[in-house]
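Here the structure comes first, spelled out in structure tokens, and everything after it is commentary.
The values are calculated or read from the model by the stated rules, or taken from the named source; none is laboratory data. Note that the structure is a prediction, hence the values are computed from the model and not measured. So basically every Cβ, Gly included, is an ideal-geometry build from the backbone, and we count neighbours across all protein chains shown. To get the accessible areas, we keep the full protein, side chains included, count just its heavy atoms, and leave off ligands, DNA and RNA. Shrake-Rupley method; radii C 1.70, N 1.55, O 1.52, S 1.80 Å.
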Amino acid sequence: MKKSLTSRKEDYSKWYNELVVKADLAENSAVRGCMTIKPYGYAIWEKMQAELDKRFKETGHENAYFPLFVPKSLFELEEKNAEGFAKECAVVTHYRLQNDPDRPGKLRVDPEAKLDEELVVRPTSEAVIWNTFKGWIESYRDLPLKINQWANVVRWEMRTRLFLRTTEFLWQEGHTAHATKKEAVEEAELINALYADFAENFLAIPVIEGLKSESEKFAGAVETYCIEAMMQDGKALQAGTSHFLGENFAKAFDVKFTSDQGKQEYVWATSWGVSTRLMGALVMTHSDDHGLVLPPNLAPIQVVIVPIFKNDEQLELISEKANAIAEALRSKGIRVKYDNRTTHKPGWKFAEYELKGIPLRIAIGPKDLEKGSVELARRDLLSKTFEQQEGLENLIENLLKDIQQELFNKAKAFRDDHITKADSFEEFKDILESKGGFISAHWDGTAETEEKIKELTKATIRCIPFSGDKEAGKCMFTGRDSAQRVLFAKAY
């Protein structure tokens, strides 16, 4: 079985769409713009969830759950947030269906069941959460309040792509309240750094930390921190954001606390989130024309064992050794699967596991039993070696660490090679069309210049990086003074 893919060079977008479907990650659903995440894709998302959830709890956050529906009157209290999401909102206006008298056996919306107030299907939960926080916060003793929820959200999209942009998607959203501005800023920065570490050390995706420009920041935020990643086609992808909200939501929802000096003060806020968009980032950072390539830290199955046999007697002998190897691997905490199905040939299984990105594959046949060896295949290098069965678990433990690091190194080398300086608009346009990637250029800091560049090139400011060139210069578009270089790119 060989599920051939369109090559990345031939059509990167088509390659991505085919791979997500053929590797059993997700598929389009009967609901326009929405996806069904299949068990294998959801298993990968669960690994992301588990690791992030652990990190959130280690930094003092607790999980809760808030309603899917937000009354319109609450949603519109923070004006900038409401305005920013208004065009993406799905709205519930009625609460009942009835039999359609003109179409027997069919249903219609009951015209008499109109809601007194429309309900917005959450595009983000600040409104309903801050309305709730008002009842939870009275004194400085109630702060900081650090809440996270794992949920689904809806943002009405006209052009969708599996994982990258769908009408409904899964995510986590953190919402915190603090007594001081300093604490809230530190929280936003802490989470952004947590996201960066998770992306680099768990997903093996190198990212650049920075701030969003005024026009790119979250609606209702004072500052938006971000991590930006570079995909293999030279387009950027926003991998996570953390927002310092100032007192905006506290004032909109009248959330005050009594300070230790007995004064009534507004709380300071943050919100932050990553979504199933990370699944798309994972695919486009590491995978190749043969299928998925999964970092071992993330792979639901790190090692698969495939027996090579001609009859039941051979399978029985091979299984005894394979199960012993699997048990030795599990004792090391390695996630292993022994695929002894007789319904599929070994070649079919090899192709399937290659497509699904299993980091290591072990094949054992009768001759391997005689020699005390196995064939070991690395998915990232598409290489095969013969290794001794004795001590195999130690070799594999080290190999998985090596694969994890090498995937990061490869992606980082690509990313670094696709950060290019431009000092004029002509140079900027040439790099954008000929090479792509991040373009490091001076910008005069105005929304007008940013919008004009976007209009002419479709490139946006992805982030104002924390690291890198800080020297002053001249804007590559207007020639006006610039405090530092920022990173532009075309993006998903």
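Values computed for the structure shown
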item: Restricting the stretch 112-137 to residues that are open to solvent by 80 Å² or more (accessible area, probe 1.4 Å) and more than 35 Å from the chain's Cα centre (by Cα), the residue that is farthest from Thr180 (Cα to Cα); result: Glu112
item: Looking only at the stretch 431-452, and only at residues there that are among the charged types (D, E, K, R) and within 18 Å of Gly479 (Cα to Cα), the one that is most open to solvent (accessible area, probe 1.4 Å); result: Glu448
item: Inter-residue pairs, beta-carbon under 9 Å, first over 26 Å from Leu145 (Cβ atoms) and without any contact (Cβ under 8 Å) to a residue 60 or more places away in the chain and in the stretch 230-258, second open to solvent by less than 10 Å² (accessible area, probe 1.4 Å) and of a type in the set (Asp, Glu), 6+ apart; result: Ala239/Glu228
item: Residue within the stretch 371-378 that is out of contact with any Gly (no Cβ under 9 Å at 6 or more places or on another chain), open to solvent by less than 20 Å² (accessible area, probe 1.4 Å) and in a helix (DSSP H, G or I) present; result: no
item: Residues within the stretch 188-214 that are open to solvent by 10 Å² or more (accessible area, probe 1.4 Å) and either without any contact (Cβ under 8 Å) to a residue 40 or more places away in the chain or outside any loop (DSSP other than H, G, I, E, B) (or both), tallied; result: 11
item: Residue pairs meeting the criteria (Cβ under 6 Å; at least 6 apart or on separate chains; first of a type in the set (Phe, Trp, Tyr), in the stretch 423-437; second part of a loop (DSSP other than H, G, I, E, B) and open to solvent by less than 80 Å² (accessible area, probe 1.4 Å)); result: Phe425/Met476; Phe425/Phe477; Phe428/Met476
item: Test: residue in the stretch 251-264 that is surrounded by 18 or more Cβ atoms within 10 Å (Cβ to Cβ), under 19 Å from Phe85 (Cβ atoms) and not aliphatic (A, V, I, L, M); result: yes
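To keep it simple, each residue is scored yes or no on (1) of a type in the set (Gly, Ala, Ser); (2) farther than 30 Å from Gly291 by Cα; (3) open to solvent by less than 30 Å² (accessible area, probe 1.4 Å); (4) touching a strand residue (DSSP E or B) at 6+ places or on another chain (Cβ under 7 Å).
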{"residue": "Leu407", "(1), (2), (3), (4)": "no, no, yes, no"}
{"residue": "Arg415", "(1), (2), (3), (4)": "no, no, yes, yes"}
{"residue": "Asp469", "(1), (2), (3), (4)": "no, yes, no, yes"}
{"residue": "Met476", "(1), (2), (3), (4)": "no, yes, yes, yes"}
